[in-house]
Each structure stands twice: as structure tokens, then as C-alpha cells.
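Engineer: After the C-alpha cells below, expect a handful of questions from me.
The values are calculated or read from the model by the stated rules, or taken from the named source; none is laboratory data. Source: prediction; values computed, not measured. No Cβ is skipped: glycine too gets one built from the backbone with ideal geometry, and neighbour counts run over all protein chains shown. Ligands, DNA and RNA are stripped out before the accessible areas are found, and what is left, the full protein with its side chains, is counted by its heavy atoms. Shrake-Rupley method; radii C 1.70, N 1.55, O 1.52, S 1.80 Å.
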Amino acid sequence: MKKLSVSIGFALYFLCTFNFIQASESEEVELAHIMSNLQYFMHKVGLSIAAENNKLAKFYVHELEEAIEEVLEVESYDDYPIGQFTKSILLPAFLTLDEKIESADMDAADEEYEKVIKACNNCHMATKHEFIKIQRNDANPYLQSFK
């Protein structure tokens with residue numbers, strides 16, 4: 001039984017840290033890992049909003065902001081100006097979402113959350129990655145309550 005718990009512990013550690021792998025300054029940016037962070041925190045923001053847990057939504061929107069800041073630093077990827085697209089397409093929607101969460105207007109935050117998802121998809125279309133379609137998912141795969 002101890003061996004199984006160690007294996008499960010390692011598996012959980014790997015799964016939890018996999019989304020947060022970052023390239024060193026000497027390596028080329030791996031945009032998929034950065035986008036994974038965005039998706040991870042977006043999902044947690046959405047679950048927090050759905051549970052009408054403003055305090056948790058504030059926490060995760062801050063984490064989402066940090067992930068967006070990381071994307072803003074990507075000047076170019078596959079000849080697309082990712083940072084600029086993020087600034088012009090995603091950032092305005094995110095800032096409005098942040099404002100609605102900050103004011104504890106959870107109904108408005110829910111509407112703005114949908115706009116952030118749309119902005120993600122608009123950016124994917126702008127970079128010819130429309131096959132990556134983001135959609136809201138209210139399923140909770142985490143060992144966490146959002147209430």
C-alpha cells in the first residue's frame with residue numbers, strides 16, 4: 001500500500017507541476033505551456049464565478065493576470081506577434097472581467113468571462129489556430145471545492 005501511495009503522490013506532483021513548466025531564458029518559448037497556464041486559471045476563475053465565490057474568483061483572476069503578463073512578453077511565435085495580439089484582443093476583455101470580479105458583480109463577471117473565452121478564440125483565429133477552440137466547462141476535475 002505504501003508503494004501505491006508514493007506512486008500516486010508522484011503522479012499528482014507530476015500532474016500539478018506539468019502545467020507550470022517554463023522555458024529558461026536560453027530556450028525558445030514553449031507557448032503551449034504558457035497557454036496551458038492560461039487555460040488552467042481560466043477554468044478555476046469560471047468555476048469560482050459559477051459558485052458565486054467572489055473571494056476565490058479574486059484569487060484566481062490574479063493568477064490569471066500573471067499568466068497573461070507572461071504571454072504579453074512573447075514578442076513573436078511562429079511569426080505571429082503573440083504579445084501584441086494578447087494586448088489588443090485578450091487584455092481588454094480580461095480587464096473588464098477583473099473589474100466585475102473586483103466589484104463583486106458576479107452576474108456581470110459571468111458575462112465578461114464568456115467574453116474572455118471569445119477573445120481567446122479570436123486570438124486563435126488571428127494566428128491561424130482556429131482548430132484550438134476554447135469553451136466553458138463547468139465540470140470540476142480538481143480536488144477542491146469552489147463554493
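Engineer: Evaluated at 20 °C with a viscosity of 1.002 mPa s, what Stokes-Einstein diffusion coefficient in µm²/s does region 56-147 have when Rh comes from the Kirkwood expression over alpha-carbon pairs?
Structural biologist: 152
Engineer: Also, quick follow-up: If r is the Cβ-Cβ distance from LYS147 to ASP78 and R0 is 30 Å, what FRET efficiency results, to the nearest 0.05? Display every interim value, and only then the final one.
Structural biologist: Details: r = 41 Å, r/R0 = 1.36.
Given R0 = 30 Å and the Cβ-Cβ separation, E is 0.15.
Engineer: Something else: Can you give the accessible area per residue of region 93-142, in Å², using a 1.4 Å probe?
Structural biologist: 61
Engineer: Quick one: Karplus J couplings for region 114-125, per residue in order, coefficients 6.51, -1.76, 1.60, θ = phi - 60°, nearest Hz, x for Gly and Pro?
Structural biologist: With coefficients 6.51, -1.76 and 1.60, one gets 4, 5, 5, 4, 4, 4, 4, 5, 5, 5, 4, 5 Hz.
Engineer: With θ set to phi - 60° and the Karplus curve 6.51 cos²θ - 1.76 cosθ + 1.60, what are the ³J(HN,Hα) couplings of region 137-146 in order, to the nearest whole Hz, using x for Gly and Pro?
Structural biologist: Along region 137-146, the couplings run 9, 8, 6, 9, x, 8, 7, 8, 8, 9 Hz.
Engineer: Can you send over the carbon and sulfur percentage of the accessible area for region 26-147, probe radius 1.4 Å, protein chains only?
Structural biologist: 50
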